[in-house]
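Novice: Below is one structure. I have some questions about it.
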Amino acid sequence: MTLDAITQQIKEKHYAAIPIELKRSDFEVAVAAFMKFLEVPQEVKDPIYFQLYPGNRGSEVGYKKYLRDLGNTDNREYFHYNEHADERFKEQETSIPELHAFLEKTRMIYAEAKRTIRSVVEAFEPAYPGLTAKFFVEGERPNFYLRFLKYDRLKPGEFLAKGHYDRGTTTLALAESAPGLRMGLTDADVRDVVHAEGQALFMPGLRFQSITSPDFPPTWHDVVQKNEDTFSQDVARWAVVFFADIHGVNQITYEEAHTPKAT
């Protein structure tokens, strides 16, 4: 994938389809293990959480659950994996076999997503020297997070995830169970995304424009409930997403991430 090709896609669609060496079946096997882990009692799952960089919520690893009834914007459960979290997880794996089984399926997807984002960043390198080193800092843990996400079922047409920009630098939307993801420049022009097998969808986050150029504005996106494509009676859909952030940056506020920029 060349920079010209990426630039043209982002100009036309506000995201770019990038080849990735993963099959649909790779994700389905990992998601099945994720769903099995979610069956673990809540009091057992809740402690499986920490921040790779304490004090930075953007570096959270492990399990989280959000409910609208508790004041959150969405009903969802997710799990973040980072390669440097394995030692921490080992302290809990012996008593939670479902966690161990899930992590076994997760590592391969994380490694391929990491390789893919490197190829994307390296495509930018000739035009933006030093960009790769901002993501891959020698001697530092990569600021990368693989997210497995489950949305609870809502009424058709409701937002499973309200419109937002990703707070970090870049995102790869890797796979999803069904349509519902929409992308655009602002909330006024979002369009349904067609996600083909063998492709990851590259989205610039809020930070990316500042380290490249105005040609790469952040992608506004949301997720809508599609009644005919629900995953199960209780689960609306699942998604697998990879976040790749640069090092040494301040956190972006919730308000900035959820407010469309003027065009």
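Novice: Can you work out D for region 11-135 in µm² s⁻¹ from Stokes-Einstein, where Rh is the Kirkwood radius over C-alpha pairs, the temperature is 37 °C and the viscosity is 0.692 mPa s?
Specialist: In µm²/s, the coefficient is 195.
Novice: Next up: For region 1-58, just the Cα set please: Rg and Dmax, both in angstrom.
Specialist: 18.5, 49
Novice: Taking the mean number of other Cβ atoms within 10 Å as a proxy for protection, how do you rank 213-221, 236-244, 34-42 from highest to lowest?
Specialist: Ranking, from highest mean packing down: 236-244, 213-221, 34-42.
Novice: What is the spread of the Cα atoms of the chain along each of their three principal axes, largest first, in whole Å?
Specialist: Reported extents, whole Å, longest axis first: 49, 46, 35.
Novice: Also, I was wondering about something else. Summarise the accessible area of region 85-168 (1.4 Å probe, protein heavy atoms) by the percent that is carbon and sulfur.
Specialist: 50 percent
Novice: Between GLU12 and ARG57, what FRET efficiency follows from the Cβ-Cβ distance if R0 is 25 Å, with the result rounded to 0.05?
Specialist: Efficiency, rounded to the nearest 0.05: 0.15.
Novice: In region 147-183, which residues have a backbone nitrogen under 20 Å from the label point lying 7 Å from ASP46's Cα in the Cα-to-Cβ direction?
Specialist: Counting backbone N atoms under 20 Å from the label point, the list is 150, 152.
Novice: Find the accessible area per residue for the chain; the probe is 1.4 Å, ligands and nucleic acids are left out, and the unit is Å².
Specialist: It amounts to 47 Å² per residue over the chain.
Novice: Run the simple label-point estimate for HIS100 and ASP187 please: 7 Å along Cα→C-beta, distance reported in nm.
Specialist: Result: 4.7 nm between the two label points.
Novice: Over the Cα atoms of region 117-250, how large are the radius of gyration and the largest Cα-Cα distance (Dmax), in Å?
Specialist: 16.0, 50
Novice: Could you list, in their original order, any pairs among LYS11/LYS105; LYS36/LYS155; LYS11/LYS162; LYS155/LYS261; LYS45/LYS162; LYS23/LYS90 whose Cα atoms are separated by more than 32 Å?
Specialist: Where the Cα-Cα span goes over 32 Å, the pairs concerned are LYS11/LYS105.
The values are calculated or read from the model by the stated rules, or taken from the named source; none is laboratory data. What you see is a predicted model, and the numbers here were worked out from it, not measured in a lab. With ideal geometry, Cβ positions are generated from the backbone for all residues, glycine too; neighbour counts draw on all protein chains shown. Accessible surface areas use protein heavy atoms only, side chains included; no ligands, DNA or RNA. Shrake-Rupley method; radii C 1.70, N 1.55, O 1.52, S 1.80 Å.
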